[in-house]
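> One structure coming up, written as structure tokens, with questions to follow.
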Amino acid sequence: MWEYTDKLKDHFFNPRNVGEIEDPDGVGEVGSLACGDALKLTFKLDANRRITDAKFKTFGCASAIATSSVLTEMIKGLTLNEAMKVTNKDIAEYLGGLPEQKMHCSVMGREALEAAIENYQIGGKKKHELEGNVICTCFGVTDKEIERVIRENNLTTVEEVTNYCKAGGGCGGCQGEIEKMIEKIQPDEIKQAPVTVARRAGKLTNIQKIQLIQQTINEQIRPALRTHGGNIELIDVEGNKVVVAFRGMCAQCRLAELTMKDVVEAKLREFVSEQLFVEEDKESAKQPHNHRE
Amino acid sequence: MKTIYFDNNATTKVAEQVFEEMRPLFCELYGNPSSMHTFGGQMGRRIRQAREQVANLLGCEPSEVIFTSGGTESDNAAIKGTLAALPHRRKVITTRVEHPAVLTVCRELENHGYTVVELPVDKQGRLDLAELEEQIDDTALVTIMYANNETGVVFPIDKIAELVTDRGVIFHTDAVQAIGKIPLDLSKSNIDLLSFSGHKLHAPKGVGVLYVRKGTRLSPFMLGGHQEAGKRAGTENVPGIVGLGKACELASKNIEQENNKVKKLRDKLEKAILEKCPDSRLNGDKENRLPNTTNISFEYIEGEAILLMLDKYGICASSGSACTSGSLEPSHVLRAMGVPFTAAHGSIRFSLSRYNTEEEVDYTIEKIPGIVKQLRELSPFVASKAK
């Protein structure tokens with residue numbers, strides 16, 4: 001069971017400002033049914049561009065509902081400029097904290113607020129559009145969004161990023177990319193963490209190398225792919241080229257190429273040899289990688 | 001506030017009679033059954049009696065009953081023990097809807113060169129036996145659950161066991177949810193191995209059974225002393241075993257009568273919820289189902305929020321929603337059945353027991369429509385008409 005603060009429970013059981021404002025000045029809609037949570041925020045401004053009223057509608061767990069409720073409470077009375085400065089951290093702190101895995105609820109609140117402000121600024125005509133490039137296709141999270149949660153919350157691991165914005169929590173194909181983003185944004189933080197040099201075997205015979213590759217696929221790579229219905233098979237090893245085939249969900253995933261480099265190649269380099277590179281078997285590469293289209 | 005416990009597929013209350021049987025075994029009769037003195041040795045008689053009580057419920061011989069630490073150990077021992085005894089066969093068949101105690105073990109086997117086939121289920125959560133038949137060739141083990149913990153769907157296990165063993169393949173079933181709810185006669189069935197757990201039938205946690213049919217080759221999973229005829233080493237959990245024996249005796253006596261009562265309550269609860277809550281749907285095969293379980297999806301709202309609202313009234317249930325587990329994906333069972341995301345996120349399981357009363361059911365029926373309505377009023381996906 002989650003440990004929720006009393007304040008969070010209060011806002012869940014007695015949510016404030018539920019509903020939709022008629023003829024609002026700003027509307028922000030984020031999330032979707034498939035993702036498991038979604039929020040629609042509406043607000044009204046006075047002549048000085050101060051938020052006089054805010055309402056919400058939320059589909060989601062207790063913490064999603066409570067963060068939406070406190071958000072409306074927090075922004076009432078703020079000017080737009082002040083509201084723009086509200087971060088997901090402010091929302092979480094207002095609630096007396098959130099469980100780590102629920103931090104994405106506070107991010108959803110901040111995103112909805114931003115979307116609503118943007119909607120006002122462009123005259124309420126267009127719906128909020130995603131900025132930047134989509135990194136996590138499972139949950140539709142962009143590089144801009146990921147960068148922002150990393151900066152604002154001082155995140156240093158992929159797991160934290162998933163807790164804060166869900167990116168990387170579906171098929172896992174974008175985890176390598178997220179890791180690279182963290183390294184770029186937080187080079188100082190990363191350096192502080194101890195870095196262990198992989199303990200690799202010395203010189204290997206061909207047979208030993210192939211055995212080690214197979215073992216690494218079995219122990220390190222397949223379990224990760226299995227968690228989202230995929231699988232992998234070692235087809236051949238020619239010198240430093242490792243040929244593999246994707247099976248199951250992976251065979252239809254258009255992120256297979258990323259998985260190949262970020263998961264398969266990285267693990268083989270870590271456990272076998274820096275020189276290895278991976279290629280997909282031609283037969284399995286012919287299958288269309290487009291199950292999300 | 002009174003607790004209304006509708007989460008009996010997670011765990012059950014220890015029956016008072018069971019607890020009374022166990023009580024003297026902690027501070028007074030605490031001997032080790034393996035000891036060479038009367039004080040310890042007399043515990044052997046208690047274990048023998050428990051073994052007979054279990055055998056009586058299962059319709060098997062006492063020598064076919066091995067006591068373990070629970071369902072997960074029994075599943076691990078059955079699967080790994082069978083494969084170790086049949087080193088030349090490298091294929092295992094299971095289903096996509098198994099409990100993790102089976103599914104995770106099977107998936108791990110793939111890393112050791114085994115081929116694992118996970119049979120799909122249809123929208124009602126049913127298996128296609130023709131597909132199973134097609135897959136059985138040179139298989140070491142088929143492991144298929146008796147009844148599903150999330151939906152309560154019961155598989156035709158006797159038929160499956162016959163089909164599998166006729167082809168000379170070993171058949172194991174995880175019967176954790178079935179024991180005490182479905183009458184069993186293993187002497188008339190072809191099941192080779194069967195697992196169950198004490199705490200699902202009003203015995204304490206930490207004790208379970210692995211049934212091993214006479215003549216079934218099984219390498220021991222736990223090595224050490226000679227307990228359980230060398231099939232499961234480790235000093236016996238005497239109080240747990242005695243409690244489990246008593247729980248089985250109570251179940252044998254009352255299974256039918258109690259199931260009628262439980263089924264009537266379940267049906268009343270289910271019918272009322274489906275009638276009173278618009279956009280709700282039943283998950284799983286309505287006909288072939290445990291008498292105590294119902295799994296209902298409420299569209300447009302999220303399971304964890306429903307559970308917390310129920311909790312406020314002291315009502316305990318569970319959900320297949322992603323948010324309750326900390327993962328971002330909803331239940332693998334509902335996903336395998338093709339339940340859409342929208343309904344899987346809002347699924348609630350009520351699992352009853354003989355201790356539930358009609359008043360509790362009525363109270364829950366009274367509260368649920370309000371909870372659903374309240375959460376739907378918050379939901380951006382509900383058009384005003386659907387309220």
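The values are calculated or read from the model by the stated rules, or taken from the named source; none is laboratory data. Since this is a predicted model, take the numbers as computed values, not measurements. Methodologically, a virtual Cβ is constructed for each residue, glycine included, from the backbone with ideal geometry; neighbour enumeration extends over all protein chains shown.
> Residues that are within 24 Å of B:ASN190 (Cβ to Cβ): which helices (runs of 4 or more DSSP H) entirely in the range B:1-98 hold 2 or more of them?
B:38-58, B:71-85
> Can you go through B:ALA85, B:ALA55 and tell me which one is within 23 Å of B:GLN227 (Cα to Cα) and surrounded by 21 or more Cβ atoms within 10 Å (Cβ to Cβ)? Working first, answer last.
Numbers: B:ALA85 fails: surrounded by 21 or more Cβ atoms within 10 Å (Cβ to Cβ).
That would be B:ALA55, the only listed residue that is within 23 Å of B:GLN227 (Cα to Cα) and surrounded by 21 or more Cβ atoms within 10 Å (Cβ to Cβ).
> Does the range A:40-50 contain any residue that is aromatic (Phe, Trp, Tyr) and within 14 Å of another protein chain (Cβ to nearest Cβ)?
No: zero hits.
> To continue, here is another question. Any residue in the range B:107-125 that's more than 8 Å from chain A (Cβ to nearest Cβ): show its pairings with residues that are of a type in the set (Asp, Glu) and not in a helix (DSSP H, G or I) at Cβ separation under 6 Å, as long as the two are six or more apart or on different chains.
Matching pairs, first to second residue: B:GLN124/B:ASP285; B:GLY125/B:ASP285.
> Which residue pairs have Cβ atoms closer than 8 Å, lie 6 or more positions apart in sequence or on different chains, and pair a first residue in the range A:267-281 that is closer than 13 Å to A:ILE232 by Cα with a second residue that is assigned to a helix (DSSP H, G or I) and of a type in the set (Asp, Glu)?
Filtered contacts from the range A:267-281: A:VAL278/A:GLU265; A:GLU280/A:GLU257.
Quick grid of which residues meet (1) touching a His at 6+ places or on another chain (Cβ under 6 Å); (2) at pLDDT 90 or above; (3) under 18 Å from B:THR3 (Cα atoms); (4) not assigned by TED's automatic domain parsing to the domain that holds B:ASN148:
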residue: B:ILE296; (1), (2), (3), (4): no, yes, no, yes
residue: B:LEU310; (1), (2), (3), (4): no, yes, yes, yes
residue: B:SER325; (1), (2), (3), (4): no, no, no, yes
residue: B:ALA344; (1), (2), (3), (4): no, no, no, yes
residue: B:SER351; (1), (2), (3), (4): no, yes, yes, yes
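> What residue, among those in the range A:50-62 that are touching a strand residue (DSSP E or B) at 6+ places or on another chain (Cβ under 9 Å) and not in a strand (DSSP E or B), is surrounded by the fewest Cβ atoms within 10 Å (Cβ to Cβ)? Lay out the reasoning, then the answer.
As a first pass, look at the range A:50-62 and keep what is touching a strand residue (DSSP E or B) at 6+ places or on another chain (Cβ under 9 Å): A:50-61.
Still in the list and also not in a strand (DSSP E or B): A:60-61.
Details: A:GLY60: 30, A:CYS61: 27.
Here the answer is A:CYS61.
> Considering only residues that are facing chain B (nearest Cβ under 8 Å), modelled with pLDDT of 90 or more and buried (at least 16 other Cβ atoms within 10 Å of the Cβ), which ones fall in the range A:10-34?
Selection gives A:PHE12, A:PRO15, A:VAL18, A:GLU29.
> Can you go through A:VAL149, A:VAL107, A:VAL86 and tell me which one is within 13 Å of the chain's Cα centre (by Cα), in the same structural domain as A:VAL27 (by TED's automatic domain parsing) and not basic (Lys, Arg)? Lay out the reasoning, then the answer.
Values: A:VAL149 fails: in the same structural domain as A:VAL27 (by TED's automatic domain parsing); A:VAL86 fails: within 13 Å of the chain's Cα centre (by Cα).
When all the criteria are applied, what remains is A:VAL107.
> If you go through the range B:168-183 one residue at a time, do you hit one that is without any contact (Cβ under 8 Å) to a residue 12 or more places away in the chain and more than 30 Å from A:ILE221 (Cβ to Cβ)?
Our first condition is that a residue be without any contact (Cβ under 8 Å) to a residue 12 or more places away in the chain; within the range B:168-183, this holds for B:168.
Restricting the remaining residues to those that are more than 30 Å from A:ILE221 (Cβ to Cβ) gives B:168.
Yes; the residues of the range B:168-183 include at least one that is without any contact (Cβ under 8 Å) to a residue 12 or more places away in the chain and more than 30 Å from A:ILE221 (Cβ to Cβ).
Each row is one residue, and each column tells you yes or no for (1) surrounded by 14 or more Cβ atoms within 10 Å (Cβ to Cβ); (2) assigned by TED's automatic domain parsing to the domain that holds B:ALA84; (3) under 28 Å from B:GLU28 (Cβ atoms).
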| site | (1), (2), (3) |
| --- | --- |
| B:GLU228 | yes, yes, yes |
| B:PRO239 | yes, yes, yes |
| B:LYS271 | no, no, no |
| B:SER280 | yes, no, no |
| B:ASN283 | yes, no, no |
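> Shifting gears a bit: Just to be sure before I move on: is A:GLU159 assigned to a helix (DSSP H, G or I), surrounded by fewer than 17 Cβ atoms within 10 Å (Cβ to Cβ) and within 21 Å of the chain's Cα centre (by Cα) in the structure I sent? Let's see the steps before the verdict.
Working: assigned to a helix (DSSP H, G or I): yes; surrounded by fewer than 17 Cβ atoms within 10 Å (Cβ to Cβ): yes; within 21 Å of the chain's Cα centre (by Cα): yes.
So A:GLU159 passes the test.
> Take the conditions among the acidic types (Asp, Glu) and within 14 Å of chain B (Cβ to nearest Cβ) and apply them to A:ASP37. Does it pass? Please lay out each step first, then the result.
Details: among the acidic types (Asp, Glu): yes; within 14 Å of chain B (Cβ to nearest Cβ): yes.
Criteria met by A:ASP37.
> Something else about it: Keeping to the range A:181-216, report how many residues are surrounded by 13 or more Cβ atoms within 10 Å (Cβ to Cβ) and either assigned to a loop (DSSP other than H, G, I, E, B) or at pLDDT below 65 (or both).
Of the residues in the range A:181-216, 3 are surrounded by 13 or more Cβ atoms within 10 Å (Cβ to Cβ) and either assigned to a loop (DSSP other than H, G, I, E, B) or at pLDDT below 65 (or both).
> Right, another one. Pull up the range A:55-76, narrow it to residues that are farther than 24 Å from B:SER347 by Cβ and among the polar types (S, T, N, Q), then point me to the one that is farthest from the other protein chains (Cβ to nearest Cβ).
Here is the first cut: in the range A:55-76, the residues farther than 24 Å from B:SER347 by Cβ are A:55-56, A:69-76.
Applying the additional criterion that residues be among the polar types (S, T, N, Q) yields A:69, A:72.
On the way: A:SER69: 9, A:THR72: 12 Å.
Checking each candidate, the answer is A:THR72.
> Of all residues in the range B:274-310, which are within 12 Å of chain A (Cβ to nearest Cβ) and small (Gly, Ala, Ser)? If you could, list the steps in order and put the result at the bottom.
Taking the range B:274-310 first, the residues within 12 Å of chain A (Cβ to nearest Cβ) are B:298-310.
Once the filter is applied, which keeps residues that are within 12 Å of chain A (Cβ to nearest Cβ) and small (Gly, Ala, Ser), the range B:274-310 yields B:GLY303, B:ALA305.
> Going residue by residue through the range B:260-273, is there one that turns out to be touching a Lys or Arg at 6+ places or on another chain (Cβ under 7 Å) and not in a loop (DSSP other than H, G, I, E, B)? I'd like the intermediate steps shown before the answer.
Initially, the range B:260-273 is screened for residues touching a Lys or Arg at 6+ places or on another chain (Cβ under 7 Å), giving B:261-262.
Among the residues that remain, those that are also not in a loop (DSSP other than H, G, I, E, B) are: B:261-262.
Taking every residue of the range B:260-273 in turn, at least one turns out to be touching a Lys or Arg at 6+ places or on another chain (Cβ under 7 Å) and not in a loop (DSSP other than H, G, I, E, B).
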